[in-house]
Amino acid sequence: KSFIVDKNNVTLNITTCDVIVGQSVNIGVNIDDDAIGLVIVKINNIEYSLNITNKEYSLSVPDLGNGTSSITAKYLGDDKYYGFENSTNVSVVKLIPTITANATLGVGDSLVIVINNLTSVVGDASGKLDFTIDSITQCVGVVDGVAVIYDLPRLNNTYSAVVRYYGDNNYYNQT
């Protein structure tokens, strides 16, 4: 007489938290104690193979860039457990920039505008900004978090200015 031994369903959980641009995404994978074999974790079409040696695993993935990414963990199965796949999403959000443009300048001086974020772990801002003073707007490039305005009013006076930064891959736009 023959009989069939059926496999069991495995429990496979994924944990992660949303992060800001520049931070690594930490992924936790939890599986049944006695499962053996491989778990394949896939994020943004890149696969990471985890050889099962214990119940919990951690994986740190750097530089995802902003946006939402799908994370899939796939257990291939073994003699005791069926294969199983689970998924979740993680969001990488942009930073809110801080714009500094306070200065006391002499006639003909240049104004340096700094765009950064005190909690930033990424490179400095890039892109462009508009600088408006006395109804005149100049578009200036931002390189390494700095924009320099060379053509300022030539009269000694107090001026109000508006700085509008258009954002980049790491920073939201800001006025």
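The values are calculated or read from the model by the stated rules, or taken from the named source; none is laboratory data. Because the structure is a prediction, the values reported are computed rather than measured. Accessible surface areas use protein heavy atoms only, side chains included; no ligands, DNA or RNA. Shrake-Rupley method; radii C 1.70, N 1.55, O 1.52, S 1.80 Å.
Here are a few things to note about the model shown:
- Segment residue 34-residue 79, length gained on full extension (0.36 nm per residue, minus Cα span): 15.1 nm
- The portion of the accessible surface of the chain made up by carbon and sulfur, rounded to a whole percent, is 47 (1.4 Å probe; DNA, RNA and ligands excluded).
- Rolling a 1.4 angstrom probe over the protein heavy atoms with all chains in place gives the chain an accessible area of 61 Å² per residue.
- A full extension of the chain between residue 158 and residue 68 corresponds to an added length of 27.9 nm, given 0.36 nm per residue minus the alpha carbon distance.
- Rounded to 5, percent antiparallel among DSSP beta bridges of the chain: 95
- Cross-link reach list, lysines versus residue 128, counting only Cα pairs under 23 Å and skipping chain neighbours closer than eight places: 94
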